[in-house]
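Reviewing the structure listed below.
The values are calculated or read from the model by the stated rules, or taken from the named source; none is laboratory data. Everything quoted here is computed from the prediction, not taken from an experiment. Positions of Cβ are backbone-derived with ideal geometry, glycine not excepted, and every protein chain shown enters the neighbour counts.
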Amino acid sequence: MIIIDCPYCGPRDHAEFTYVGDAARTRPAEDASQATWFDYVYLRDNPRGPHLEYWQHSSGCRAMVKVLRDTSSHRVLACGLPADQLEAEQLEAGHLEAGQ
Amino acid sequence: MSAQDRRLPQGGEVDRSTPMRFRFDDRDYQGLAGDTLASALLANDVRLVGRSFKYHRPRGIFSAGPEEPNALVELRTGARIEPNTRATTIELYDGLEAASQHRWPSLRWDVGEVNNLVSDFLPAGFYYKTFMGWPGWMFWEHFIRKAAGMGRGTLDPDPDSYDKMNAHCDVLVIGGGPAGLSAALVAGRSGARVILVEETDGFGGRLRGERETIDDKPARHWVASTLAELDGMGDVTLLRRTTAFGRYDGNVVAALERRADHLAEPPEHISRQRLWTIRARRIVLAAGGIERHIAFADNDRPGVMLAGAARTYLNRFAVQVGKIATVFANNDDGYRTALDLAAGGVEINAIVDPREHGGTWRQKAETAGIDVFAGAVVSRAHGRLGLVGVDVRDASGKNRFLASDLLAVSGGWNPNVHLTCHLGAKPVWDNALATFLPGDTGPDMRVAGSARGLAGLGTCITDGYAQARAALDDLGYSKSALPDVPVTDEPQEEPVQALWQVPGKGMRFVDYQDDVKVSDIALANREGYQSVEHLKRYTTLGMGTDQGKTANVIGLAVLAEERGLPIDKVGTTTFRPPYTPVTFGAFVGRETGLHYQPLRRSAMHDWHVANGATFVNAGHWLRPQYYLRDGESDVKADIDRAITREVTETRGGGGIVDVSTLGKIDLQGPDTAELLNRLYINGWKTLAVGKARYGLMLREDGHVWDDGTTSRLGENHYFMTTTTANAGPVMSHIEYALQVLWPDLDVKAVSVTEHWAAMAIAGPKSREALAAVLDDVDVSNDALPFMGVVECTLAGIPARVFRISFSGELAYEINVAADCGEAAWEHVMRTGAPLGILPYGTEAMGIMRIEKGHVAGPELDGRTTPADLGLGRMVSSKKPFLGAPMLTREGLTDTDRPSLVGLVPVDGKSRPRAGAVLIADPKAVPPVDKLGHVTSSAYLSPNLDHPIALGLLEGGMAREGETVWAAFPLRDEMIEVRVTGPVFLDPDGERMHG
Amino acid sequence: MSEYSVLRLIANTITGHANWRRAWRDPEPRKSYDVIIVGGGGHGLATAFYLAKNHRVGSIAVLEKGWLGGGNTGRNTTIVRSNYMLEGHAHFYEKSLQLWEQLSRELNYNVMFSQRGVLNLGHSDAQMDGFARRGNSMRLNGIDAELLDRDQVRRRIPYLDFSDSARFPIYGGILQPRGGTARHDAVAWGLARGADRLGVDIIQNCEVTGFKTQGNQITAIETTRGEIGCGKVGFAVAGNTTQLTSKLGLKMPIESHVLQAFVTEPVKPLIDSVVTFGASHFYISQSDKGGLVLGGDLDFYNSYAQRGNMPTIEHVMAAGQAMIPGLSRMRILRHWGGVMDMSMDGSPIIGTSPIDNLYLNCGWCYGGFKATPGSGWVFAHTIANGEPHPINAKLTLDRFERGKLIDEGGKGPFPGHH
């Protein structure tokens, strides 16, 4: 069981949540190029290690919780709301360069 | 009924005042309360209990615990039969019935033993090298499957029930032996919330099978007093007969509590088993150790037993498993066995110890008059159906025969590291202890006692204290005094001397259950299956129901010897959950039958039931499919008549349908129109208060996702409906949009699907009916025009009325609070009855929407675009919306994409079925070019008097008037159909606008 | 005489099985190879085998970071079928099934391909209509399929839940009689032996750590066993695909998810075909050894850990028991997880890449096992010729950008939903 610390409800089993997906992506401007949109809709970093992702507390408060989770150990490193800058959030960003 | 010849008159934990009858292979026996099936069989001198998997070798009881590879039986009978059940873990109950398995016609005379005679032809992996030619694998497989398998299972419904428990604790202690009890004691005294799980029916662990003392009293006194103290603590939960079988992420441990497996059947209202999901802040694993054996020739004879098990049977069950015993051990624990057995009246003819030098234990044995053969090994066991003696080879290589009916073997002890492996940690080889120790378990799990390779009772108890204390320190519990260090009598032990196999001819078994021999491992190595995982998979080492608890380490060591490498260079062995097999039923709990998934019923459900509805699953919902009248039954002719009636009478007069299942979302806030504008492909800024509009939603990838109407109830108040299937996903999608994509939008969204009961009245008389139903509301075309919305009351019930139409008729949808749904429906039926308003179900609704060419689930299949569905004109070019950027990709704009058409049979009567594939040439041979497919079909349009269908066809409406073929080769049907427009009825919409 | 046969078995028995050759060599990596396949699972080994057998490409190596067959090849539920509807991959899967039908003989290694039939159950009219479209498409493609009604299903598999308390009653099913199961490890071993006998170097314990590139070419592969020069390079590493492509700066339409699999204790034959539930994800068959082999849904979160969690286990078991109530007393013996390369339309990618000499074979979601020989066959063709074979021509990487999706489930770009 992955334990996710919902900012509103506190730590809860992941069974209460619905996995939404990659939270490192930013929706492009409406007039962005087709290539930018394609990247957003279809391409993923898919890191092994820290991964920024959204989980909706669907059986709870319905909040979209931003979670930094290690995809190889399932350890949750940080949780917050979508607007929050999570501690260690940059861990994911570095994965391409680090070859991780 | 045979006497318990091997039972001692006193001692042990068994209750001599409570005899229990049991049956094994059609013979009746007697055992005692406190027995396991294994101890009871041994007490009755039953030595042959099973047959091995591959060679059908006769086998006896080998262990006294869950590691048992041999003594597997079919327990119980009928629908409760449990194959492959370990006799060593079944608690005896009065009337127990068990049978040996995997033999024919009997355990003693098993035809399958012929495999043993030709075993040289059947080495590891022989089946990969054969059975490839005539008559083919499928032929041979039939026989191989029958020969394989083990016990006979059943797929009859299970008469028992199962439950689930969820628990939280500070410290979970796994294992109720000395280390576990002491850890629980320290944790409990600190005030922490503690759960202690113990696999067997009582606490004490190995102490139950020992004669040791603590503080100069029998160890059971220490166990009892510790248990009494734990029992008195409020925050300590003691779980007996509970196996912690798996460790999962988040420091969750799953455990199986067997509540009634020690009884003939579960008492009324008690579940058979319970699955515990335990979320622990810290885990102390005190799972003890498992003894291993040594591979020598014919080491599988019934009567060859793990030394610790022989001791357990004597001390705990008061059973002498032999009269004359030889002990073969490479460690000092074997001496304890020899001394205990001797004290229990068993004659020990020798301790065979490959170590030249001994210490205190050897002196004790010699003082007791036991011969010790130092530097010697047992090289062979004799006796096909029961041990008659062993060959002992001394240091000079000379063999001598010892007559014995018990060989107690100890090749050393393996810490029970199973649960340390489940999250990926690999055990680490320790050369001094000649065993694998737990790998890095992380800070959340600590391992205590012999589970981490410690020896000695006092050491294990104090380690339990220490590990618990360390866990408590992590959690911030204040330090308290540790319990006193107990006084134990433990002679100094000399180190173990690794001995995995004794060279020699004959079958030397490593893994008993699957008949994996030393020679199989050598063969695998020669053939290149050298990775430990290849070895396991090629030879099936450790793949049996015991997961190789006694075999894996020996197998690995033999491989290392074959390769000439140290063990840690060859690899490591790991374990997958569960620790011991777990029933399906326990994982499922109460989610069986109708309770497998939730069942959703509309507020009007009871009315539908009372009025002849047949229901259909729509996701979790039950919806009326059609209504049968008195005299009609669920046969095709009656069903067709009912559906035709519902369509005809709705189109001719009026009908009412329950549409409560549609998703409903209440949207409020000043930016709602902007949100809708971004979610839907069409524009929303111009929608006036009191009006509804049809909308189409795409996924971000440009494909159609959902449709529905949204109404503007107030300046900043909108009400959205979705399809039944997408109610949840669309709601989540809006929440994602508002919380993540566009947090600047000031909109609040709430799902109100369950809040509103909804019904649609359709047909030419619907206005008249509506007027009668509502309380003083002007429902004229001017006051409530097409797509108009009004809030009003109905028999005093607040209601919303939407003039929208799915059927293509003049139609109104009425929403009332769900609590009032049934009353409102009944009011409508009562009031509408004089006008002939009748209920209709999803079938009639489906026909009417096909007649109108309205798209639904089969057309919204996740692969279509708005243009494919003939809704391309809805796509706004004036605003951005979700899915727009990806909608312009070439693959989504190709002109040859299949698009929506109507289809009618050329012969006017054949029915093109949904799922038929549209092709040009009915005579073409595969592979045939496909032009599209039939998405939805009505067996008959009562209004047109012939079958109709919708389809997606390459070229779409450009083919209007052409004919193509609806091919349904699955039924050998080929129907010529003419392409028409998708709207079969009232193309100008005069009915619904009227 | 073939290396493996009954006669050989007898002959070797007489000599104490001392003379069996190694199934594959354990070579030291050479300085360079003309073609290097990264990934020693079924797909990588099949690619090497068919490259060596069907094409002239020079020297070939397979690099495997652990032990061959240790990824998803050895972690799946062994189901083989070709019951696909969409043109983009239907013919590919059928080719694969045809290769399965001759694989044991082709490899002279018994992979125990058992055509016991694969039956999908339907629980609503809409689902049956969907099956009909799929089955009709299959038949029009020359692939076997049969539509069964409730009674026909019942006659074949009476122990399914036909009672009144079934939450999702069975309406019928679609059967592919030629579908079935195979012995997964044997597939890897047989292919490895076959490739080895054709001169392919299979190099285990050789993890790729980086790439040397020049222009738009990979010139060498850096590994834990040294640098190895390369002509062409093919990736067949399933869930680890983006681990490699990210080293080359390529972003992929793939997420890695964990899928769990389960096996029960062995019992005498109970279940004679492959059956899948239609009201949830669940599939079951019985291995020749007797264990019931089963699986279900993903855990639904990105994962590189080869293990799952309890909620999914409970969910899978509940689905299984909803389909076959009598499973209740059967006991789960082991469970484990594999890392799936979930693509954005649920279909695989086999073809060229933006890098000149790199070829990709990935996106198998959780259906890679059945594709093993076909995947190797077309991937070998693609690498050898520098362009796809007609039957994998639509399984390109650029189909996402072009909108030419092959979305059998209609789920869209949500990899966890396929």
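All of A:Arg69, A:Arg12, A:Arg27 fail the test of being closer than 30 Å to B:Thr888 by Cα and of a type in the set (Lys, Arg), apart from A:Arg27. If you check C:Gly367 against the conditions, is it assigned to a loop (DSSP other than H, G, I, E, B) and assigned by TED's automatic domain parsing to the domain that holds C:Gly409? It is true that C:Gly367 is assigned to a loop (DSSP other than H, G, I, E, B) and assigned by TED's automatic domain parsing to the domain that holds C:Gly409.
Among the residues of segment B:275-286, at least one is among the basic types (Lys, Arg) and either within 14 Å of chain C (Cβ to nearest Cβ) or over 30 Å from B:Leu475 (Cα atoms) (or both). Got at least one residue in segment C:224-241 being aliphatic (A, V, I, L, M), at positive phi, surrounded by 22 or more Cβ atoms within 10 Å (Cβ to Cβ) and more than 11 Å from every other protein chain (Cβ to nearest Cβ)? Within segment C:224-241, one or more residues are aliphatic (A, V, I, L, M), at positive phi, surrounded by 22 or more Cβ atoms within 10 Å (Cβ to Cβ) and more than 11 Å from every other protein chain (Cβ to nearest Cβ). Of the residues making up segment B:449-499, those that are over 14 Å from B:Gly180 (Cβ atoms), in contact with a strand residue (DSSP E or B) (Cβ under 8 Å, 6 or more places away or on another chain) and charged (D, E, K, R) are B:Asp474, B:Asp489. As for segment B:607-626, it holds no residue that is over 39 Å from the mean Cα position of the chain (by Cα) and either part of a helix (DSSP H, G or I) or of a type in the set (A, V, I, L, M) (or both). Remark: B:Ala688 falls outside the filter, which requires a residue to be hydrophobic (A, V, I, L, M, F, W, C) and under 29 Å from B:Arg600 (Cα atoms).
Which ones in segment B:880-896 are surrounded by fewer than 20 Cβ atoms within 10 Å (Cβ to Cβ) and more than 9 Å from every other protein chain (Cβ to nearest Cβ)? The answer is B:Thr895, B:Asp896.
If you go through segment B:806-814 one residue at a time, do you hit one that is in contact (Cβ under 8 Å) with a residue 40 or more places away in the chain, closer than 30 Å to C:Glu87 by Cβ, in a strand (DSSP E or B) and away from chain C (no Cβ under 13 Å)? No, every residue in segment B:806-814 fails to be in contact (Cβ under 8 Å) with a residue 40 or more places away in the chain, closer than 30 Å to C:Glu87 by Cβ, in a strand (DSSP E or B) and away from chain C (no Cβ under 13 Å). No other residue among C:Gly71, C:Gly39 is crowded, with 22+ Cβ neighbours inside 10 Å and in contact with a Gly (Cβ under 7 Å, 6 or more places away or on another chain) apart from C:Gly71.
Condition (residue is closer than 24 Å to B:Arg59 by Cα, outside any loop (DSSP other than H, G, I, E, B) and of a type in the set (D, E, K, R)) applied to segment B:99-109: is it met by at least one residue? For segment B:99-109, residues closer than 24 Å to B:Arg59 by Cα, outside any loop (DSSP other than H, G, I, E, B) and of a type in the set (D, E, K, R): absent. A search for C-beta distances below 9 Å between a residue of segment C:39-65 that is of a type in the set (Lys, Arg) and any residue that is assigned to a strand (DSSP E or B), counting only pairs 6+ apart in sequence or on different chains, returns C:Lys65/C:Val38; C:Lys65/C:Val208; C:Lys65/C:Thr223.
All told, B:Leu275 meets the bar of being among the aliphatic types (A, V, I, L, M), assigned to a strand (DSSP E or B) and surrounded by 24 or more Cβ atoms within 10 Å (Cβ to Cβ).
Candidates C:Ala318, C:Ala322: the one that is without any contact (Cβ under 8 Å) to a residue 60 or more places away in the chain, at the interface with chain B (Cβ under 7 Å from one of its Cβ atoms) and on the phi < 0 side of the Ramachandran plot is C:Ala318.
For segment C:290-306, taking the residues that are on the phi < 0 side of the Ramachandran plot and at the interface with another protein chain (Cβ under 7 Å from one of its Cβ atoms), the one that is surrounded by the fewest Cβ atoms within 10 Å (Cβ to Cβ) is identified as C:Ala305.
Scanning segment B:297-315 for residues that are farther than 17 Å from B:Asp391 by Cβ and either part of a helix (DSSP H, G or I) or acidic (Asp, Glu) (or both) returns B:Ala307, B:Gly308, B:Ala309, B:Ala310, B:Arg311, B:Thr312, B:Tyr313, B:Leu314, B:Asn315.
Residues checked against (1) within 14 Å of chain C (Cβ to nearest Cβ); (2) buried (at least 16 other Cβ atoms within 10 Å of the Cβ); (3) in a strand (DSSP E or B):
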| residue | (1), (2), (3) |
| --- | --- |
| B:Val901 | no, yes, yes |
| B:Ser937 | yes, yes, yes |
| B:Pro947 | no, yes, yes |
| B:Gly951 | yes, yes, yes |
| B:Gly961 | no, no, no |
| B:Val964 | yes, yes, yes |
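Figure legend. Inter-residue proximity from segment A:82-100: first residues within 14 Å of chain B (Cβ to nearest Cβ) and surrounded by 14 or more Cβ atoms within 10 Å (Cβ to Cβ), second residues at pLDDT 70 or above and in a loop (DSSP other than H, G, I, E, B), beta-carbon distance below 8 Å, spacing 6+ or different chains. Indicated pairs: A:Pro82/A:Ala23; A:Pro82/B:Pro743. Only residues that are buried (at least 24 other Cβ atoms within 10 Å of the Cβ) and part of a loop (DSSP other than H, G, I, E, B) were counted in segment B:66-87, giving 6. Every condition in (1) within 30 Å of C:Thr15 (Cα to Cα); (2) modelled with pLDDT under 95 holds for B:Lys129 except the one numbered (2). Considering segment B:438-557, the qualifying helices (runs of 4 or more DSSP H), each wholly inside and each with 2 or more residues that are away from every other protein chain (no Cβ under 13 Å) and buried (at least 22 other Cβ atoms within 10 Å of the Cβ), run over B:457-475. Of the helices (runs of 4 or more DSSP H) entirely within chain A, those holding at least 2 residues that are touching an Asp or Glu at 6+ places or on another chain (Cβ under 8 Å) occupy A:34-42, A:95-98. Tell me, please, whether a residue that is touching a residue at least 40 places away in the same chain (Cβ under 8 Å), of a type in the set (S, T, N, Q), in contact with a Gly (Cβ under 6 Å, 6 or more places away or on another chain) and in a helix (DSSP H, G or I) can be found in segment B:642-650. Yes, because at least one residue in segment B:642-650 is touching a residue at least 40 places away in the same chain (Cβ under 8 Å), of a type in the set (S, T, N, Q), in contact with a Gly (Cβ under 6 Å, 6 or more places away or on another chain) and in a helix (DSSP H, G or I).
Just a yes or no: is a residue in segment B:487-498 touching a helix residue (DSSP H, G or I) at 6+ places or on another chain (Cβ under 9 Å), within 24 Å of B:Pro123 (Cβ to Cβ), in contact (Cβ under 8 Å) with a residue 24 or more places away in the chain and of a type outside the set (Phe, Trp, Tyr)? No, there is no match, as no residue in segment B:487-498 is touching a helix residue (DSSP H, G or I) at 6+ places or on another chain (Cβ under 9 Å), within 24 Å of B:Pro123 (Cβ to Cβ), in contact (Cβ under 8 Å) with a residue 24 or more places away in the chain and of a type outside the set (Phe, Trp, Tyr). Across segment B:125-140, which residue is farthest from the other protein chains (Cβ to nearest Cβ) among those that are over 13 Å from C:Gly190 (Cα atoms) and buried (at least 17 other Cβ atoms within 10 Å of the Cβ)? Taking the candidates together, the pick is B:Trp140.
Residues checked against (1) modelled with pLDDT under 95; (2) touching a strand residue (DSSP E or B) at 6+ places or on another chain (Cβ under 8 Å):
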| residue | (1), (2) |
| --- | --- |
| B:Arg889 | no, no |
| B:Leu892 | no, no |
| B:Asp896 | yes, yes |
| B:Val906 | no, yes |
| B:Ser910 | no, yes |
| B:Gly915 | no, yes |
| B:Asp921 | no, yes |
| B:Ala924 | no, no |
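Within segment C:86-113, residues that are within 13 Å of C:Gly180 (Cα to Cα) reach partners that are of a type in the set (Asp, Glu) with beta carbons closer than 9 Å, at six or more positions or on different chains, in the pairs C:Met112/B:Glu141; C:Met112/C:Asp288; C:Phe113/C:Glu101.
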